[in-house]
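Visitor: Can you read through this structure? Questions will come right after.
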Amino acid sequence: MSKQTTAEKAAVPPTLAFLWRLITYSPWRYLLAASGWVVFHLWPLLPGVLGKLLFDVLEGRAAVGVTVWTVVAIIVAGGLARCTAIIGATVAWAGWYLRARGLVQRNLLDRVFRLPGAQAMPKTVGESISTVRDDSDAIALMGGWGFDMLAGIIFAVGGLAILLTVDVKITIIVMVPLAVVLALAQFARARAYRVREQSREATAKVTGTIGEIVVAVRAIKAADKKNEVVDRLRADNAVRKTAMIRDKVQSLAIDSVFNSTASLGAGLVLLVAAGQMRSGEFTTGDFVLFATYLMQVAEYTYFMGYLVRTYQQSGVSFVRAAELLQGAPPMTLVDHHPLHLKAEPPPADPVPAVEPLRELEIRSLTHVFPGTDRGVRDVSLTIRPGTVTVVTGEVGSGKTTLLRGVLGLYAAGHGEIRWNGERVEDPGDFMVPPRVAYTPQNPTLLSGSIRENVLLGLPDDGRVERAVHTAVLGPDLERFDTGLETEIGVRGVRLSGGQVQRTAAARMFAREPSLLVMDDLSSALDVETEQELWRRIFATSTTCLAVSHRPAVLERADQVLLLKDGRVIAAGPLADLLESSADMRMHYRTPAQTPLPKE
């Protein structure tokens, strides 16, 4: 996992800046929820006043006209008001919380999806899922921190003000536990942050391990490593268990210190107050008021300590989420956007008419991976309709990097791409269906049926059958009981490697693009199936840009690009290259399979 430096963490704005931006996303819901919960938290101020009033009535000290029934009426009215406030606050808070969490998740995913498709993520899959799921939830829950803290402050100030009217000296003693709590919270800040961060990382690692197991289940079975994989999962989970226990124990320990400190202060104050009661300085009503508020202020002292600890720990979630933004300003995390929770989102912009490919020109394309000398440099080529261009070379020569650079799956480097003479400003958005369709060397399928994976939302207007035929997937479907409706499992786990490749190829053919881009499409196929697949591809007369080292494919290519160390060292028809390039002659091998038939 990539680690943020101290400077990068310091660049993340304070938690309050994020919270304020979230609050203003749905301010009326937040204001309603805050008002209701403030009423809820301030309710404990009423019993003390009513208790004093009741004993004053019983002792004949109350104002004229105030009776026991007056106290009862106030209690009933206050109770009804509190119930109403709780119901309204709960409904408003649920609406605000769901919107705040959805907004954070929306902004995280939007940033991830807008980055070049092949750009490495700063975190593992498990860590990224944990951030989108768990940290976004923690961030949204922090919204309640604002009105809880406000209510706690108002209650403490109100309670202390009332206690000061009873006895200044005793009230000052109440301030001591609060000062101790705040000092302890500040002292434990760094450790609380570090332990919470470790628990989040351990949880993310377990999530990632489970994901890797699901994806690699075939390899695990083939290697008979089930026990070793289970042991690895147990080890990761043991680390997570330890980290979670440390986090929980630390939280409980801090809470117990806060609670004990507050209770100790309450006990000391009660001893002092009892002495004054014996001397006759307090009335019964004063004592009831003081004793009631004393315990409540003590409880809220503990509550304030909890809020301070929660605020400190929440910084972990903001830092982790900001890291997933990969260079975008951290406040992007809480940018305001519509979520369309109550209605269907507006329809997507209609796909503009695509101009048929007349010429694709790549000029001096360069992409070098940061911190290395790997990549491609100064690659130029021209692709015309109906032609087949094959990129070949040794392992690590830059073939896949070249294809991904053309498709905009890597961040733009030097060079330019022109489609029909017009410069493509953003290849990642432009080089997509129906202009271009791409099948990588290791394609990814989704859970669902084969039909769903081929169409991916396209109308089923007969294109599935055509795509399946071109991909030579028909014989496999005949062996499946449910044909195209066969469920393939997570990432196609129920299919063989060759079936995964051909299902992905059918998905590409179903787009009916102007340009097919294929990265070693037939690497997992047997010889006969491979020959038939390429024969059908060539029969479509579709423009192709492919990576391959198969001699039969090289022989059918209109132009061949030979890469070495990221540079084109030879380009042209295979026959010409075999005459002019010693490197091509070394790379080329006489085909072991029957040449692909001419159409």
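Here, each number is a calculation from the coordinates, and none is a lab measurement. Model, not experiment: these values are computed from the prediction. All Cβ positions, glycine included, derive from the backbone under ideal geometry; neighbour counts span all protein chains shown.
Visitor: Full-extension gain between Met586 and Asp110, please, as 0.36 nm times their residue separation minus the C-alpha to C-alpha distance.
Guide: In short, 166.7 nm is gained.
Visitor: With each pseudo-label sitting 7 Å past Cα toward Cβ, what's the Glu528-Asp429 distance in nm, one decimal?
Guide: That separation, rounded to one decimal, is 4.9 nm.
Visitor: I would also like to ask the following. If the label point is 7 Å along Cα→Cβ of Val249, which residues in the stretch 224-239 have backbone nitrogen under 20 Å from it?
Guide: Only 235-239 pass the distance filter.
Visitor: Please state the relative contact order of the stretch 360-587 as a whole percent: Cα pairs under 8 Å, 6+ residues apart?
Guide: Numbers: 419 pairs, mean separation 64.1, N = 228.
Value for the stretch 360-587: 28 percent.
Visitor: Would you mind checking the pairs Lys123/Lys564; Lys205/Lys226; Lys123/Lys241 and listing those with alpha carbons more than 28 angstrom apart?
Guide: Result: Lys123/Lys564 exceed 28 Å.
Visitor: Return the FRET efficiency for the residue pair Arg384, Asp349: r is the Cβ-Cβ distance, R0 is 22 Å, and the value is rounded to the nearest 0.05.
Guide: Working: r = 30 Å, r/R0 = 1.37.
E between Arg384 and Asp349, to the nearest 0.05, is 0.15.
Visitor: Oh, and also: If you put +1 on each Lys and Arg Cβ and -1 on each Asp and Glu Cβ, how big is the dipole of the stretch 360-587 around its Cα centre, in Debye rounded to 20? Before the final figure, lay out each step's value.
Guide: Details: 25 positive and 31 negative charges, 59 e Å.
The calculation lands at about 280 debye.
Visitor: Check which residues have an amide H placed less than 5 Å from Val391's amide H, if you skip close sequence neighbours.
Guide: Under 5 Å from the amide H of Val391: Ala546, Val547, Ser548, Leu561.
Visitor: Ranking request for peptides 336-342, 529-535: highest mean number of other beta-carbon atoms within 10 Å first, then the rest in descending order.
Guide: Values: 336-342: 10.4, 529-535: 19.7.
The most tightly packed comes first, giving 529-535, 336-342.
Visitor: Can you order the peptides 65-75, 576-586, 487-497 by their average number of other Cβ atoms within 10 Å per residue, highest first? Please report the intermediate quantities before stating the final value.
Guide: Numbers: 65-75: 12.5, 576-586: 14.5, 487-497: 16.3.
My ranking of the peptides, most packed first, is 487-497, 576-586, 65-75.
Visitor: First check a/c for the stretch 434-535, with a ≥ b ≥ c the square roots of the eigenvalues of its C-alpha gyration tensor; if it is under 1.5, answer rounded, and if not, answer prolate when a/b is larger than b/c or oblate otherwise.
Guide: rounded
Visitor: Any idea how far apart Trp69 and Lys169 come out in nm if each label point goes 7 Å out from Cα toward Cβ?
Guide: 4.4
Visitor: What is the distance, in nm, between label points placed 7 Å from the Cα along the Cα-to-Cβ direction at Thr540 and at Ser364?
Guide: Roughly 3.5 nm, to one decimal.
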